[in-house]
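Peer 1: One structure coming up, written as C-alpha cells, with questions to follow.
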There are 2 protein chains.
Amino acid sequence: MPTCDPIGTAHTSLSTTDDAPRQGFLEDVEGAIDIEPAYADGLSGLAPGDDVLVVWFADRADRSVLTLDRDGRGVFASRSPARPNPICLTTCEVVAIEGTTLEVLGVDMLDGSPVLDLKRPIDPERRTGS
Amino acid sequence: MPTCDPIGTAHTSLSTTDDAPRQGFLEDVEGAIDIEPAYADGLSGLAPGDDVLVVWFADRADRSVLTLDRDGRGVFASRSPARPNPICLTTCEVVAIEGTTLEVLGVDMLDGSPVLDLKRPIDPERRTGS
C-alpha cells in the first residue's frame, strides 16, 4: 500500500468542481504550485516557458465511482477525477519561479489540492517512459 | 496524506531496473495489467487497440533522490522513477482484455509493480485536463 506525502500544494481560483474547466486548454487558468522547501533541489533545471506535468491528488473526488453517469463509461477509460485513486495529471506552463513557488498557466485543480509530483511531460512522439 | 490501495498489478519480463527500457517506444515490450475484480466495472469502454495511460508505483525506486547523478537535473524536471513520490506514467496499447486482465504493449515497469490507476491518455492537442 504505497503512501505519498504531498510535495506541495496547488493554489488556484477554483473552489468547487463546478468551477473547474473540463479538459480545458493550457491558456485557461492561472495558478501557483507551492513546493515544500525540503524538495527545492528537485526543481533544478525547471525554467519559465517549460511545460511541467503536475501530478496531484483530487482530495474532494468521489472515490466510489467506477462508471460515469453521463455515458456509462468506466472511469479507467476516462479522465474524470472521480475514480478509486484520484491521482490527476495536468500539463501546465511555468510562467515564473520564485523560490519554491511556481506560477503556472493551465491549472484545473481545486484550490488547496495536494501536489504529489512534478514531471517532464510525456513526449507524444515517444509515448512510453516512466 | 493521501493513501492509495493499488487497483492491480503489472506483470512484465523486467525484473531489475537494468532491464527496463529508457524512455522506450510503445512497441518495445509486452506485459499484462491485472486489475482487481472489485474494479471490473471501471474497465467498461476499454477495447483492444486503445491506448491507456498506466499510473503505477515504482516501489523499488530510490525515494531520497532529488537531483540526477547523470546531469544534476532536478527530478521534477525529469521522468526518472527516482523521486520522492515515485508515481510513474506509461502509455500502453491494449492488445486484448480477458476478464480483468489487460494484455498490453509498451510496458517499462518492473514485474509486480502496483498499478494505481488507468486513464485515457493526455491529448497533446489539448494538454490539460485531470
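Peer 1: Take the residues in the range A:67-83 that are at the interface with another protein chain (Cβ under 7 Å from one of its Cβ atoms) and open to solvent by 20 Å² or more (accessible area, probe 1.4 Å); name whichever of them is nearest to B:P124 (Cα to Cα).
Peer 2: My answer is A:P81.
Peer 1: Return only the number of the condition from (1) touching a helix residue (DSSP H, G or I) at 6+ places or on another chain (Cβ under 9 Å); (2) open to solvent by 80 Å² or more (accessible area, probe 1.4 Å) that B:S64 does not satisfy.
Peer 2: (1) is the only condition that B:S64 fails.
Peer 1: Residue by residue through the range B:18-34, note down the ones that are modelled with pLDDT under 75 and more than 10 Å from chain A (Cβ to nearest Cβ).
Peer 2: Of everything in the range B:18-34, those that are modelled with pLDDT under 75 and more than 10 Å from chain A (Cβ to nearest Cβ) turn out to be B:D18, B:D19.
Peer 1: Working only within the range A:89-106, note down all residues that are surrounded by 22 or more Cβ atoms within 10 Å (Cβ to Cβ) and more than 8 Å from chain B (Cβ to nearest Cβ).
Peer 2: The answer is A:L102, A:V104.
Peer 1: Can you name the residue in the range B:41-66 that is of a type in the set (G, A, S) and at negative phi and, of all such residues, is farthest from the other protein chains (Cβ to nearest Cβ)?
Peer 2: Quick first cut of the range B:41-66, residues of a type in the set (G, A, S) only: B:42, B:44-45, B:47, B:49, B:58, B:61, B:64.
The next check asks that each one be at negative phi; those that pass are B:42, B:44, B:47, B:58, B:61, B:64.
Working: B:G42: 4, B:S44: 4, B:A47: 9, B:A58: 7, B:A61: 9, B:S64: 11 Å.
This residue is B:S64.
Peer 1: Another question, then. Tell me whether the range A:49-69 contains one or more residues that are among the hydroxyl-bearing types (S, T, Y) and at pLDDT below 95. Talk me through it step by step, then tell me what you get.
Peer 2: First pass over the range A:49-69, keeping only residues among the hydroxyl-bearing types (S, T, Y): A:64, A:67.
Filter once more, so that each one left must be at pLDDT below 95: none.
The answer is no; no qualifying residue exists.
Peer 1: Looking for whichever is open to solvent by 10 Å² or more (accessible area, probe 1.4 Å) and either touching a Ser or Thr at 6+ places or on another chain (Cβ under 8 Å) or more than 7 Å from every other protein chain (Cβ to nearest Cβ) (or both) here; the options are B:P121, B:P86. Which one fits?
Peer 2: None of the others qualify; the one that does is B:P121.
Peer 1: Quick check on this structure: which one of B:A82, B:A77, B:A47 is closer than 21 Å to A:V65 by Cα and either touching a residue at least 40 places away in the same chain (Cβ under 8 Å) or aliphatic (A, V, I, L, M) (or both)?
Peer 2: Values: B:A82 fails: closer than 21 Å to A:V65 by Cα; B:A77 fails: closer than 21 Å to A:V65 by Cα.
When all the criteria are applied, what remains is B:A47.
Peer 1: What residue, among those in the range A:40-60 that are open to solvent by less than 30 Å² (accessible area, probe 1.4 Å) and part of a loop (DSSP other than H, G, I, E, B), is nearest to B:C88 (Cα to Cα)?
Peer 2: Of everything passing the filter in the range A:40-60, A:A58 is nearest to B:C88 (Cα to Cα).
The values are calculated or read from the model by the stated rules, or taken from the named source; none is laboratory data. The structure presented is a predicted model; accordingly, all values stated were derived computationally and were not measured. So basically every Cβ, Gly included, is an ideal-geometry build from the backbone, and we count neighbours across all protein chains shown. To get the accessible areas, we keep the full protein, side chains included, count just its heavy atoms, and leave off ligands, DNA and RNA. Shrake-Rupley method; radii C 1.70, N 1.55, O 1.52, S 1.80 Å.
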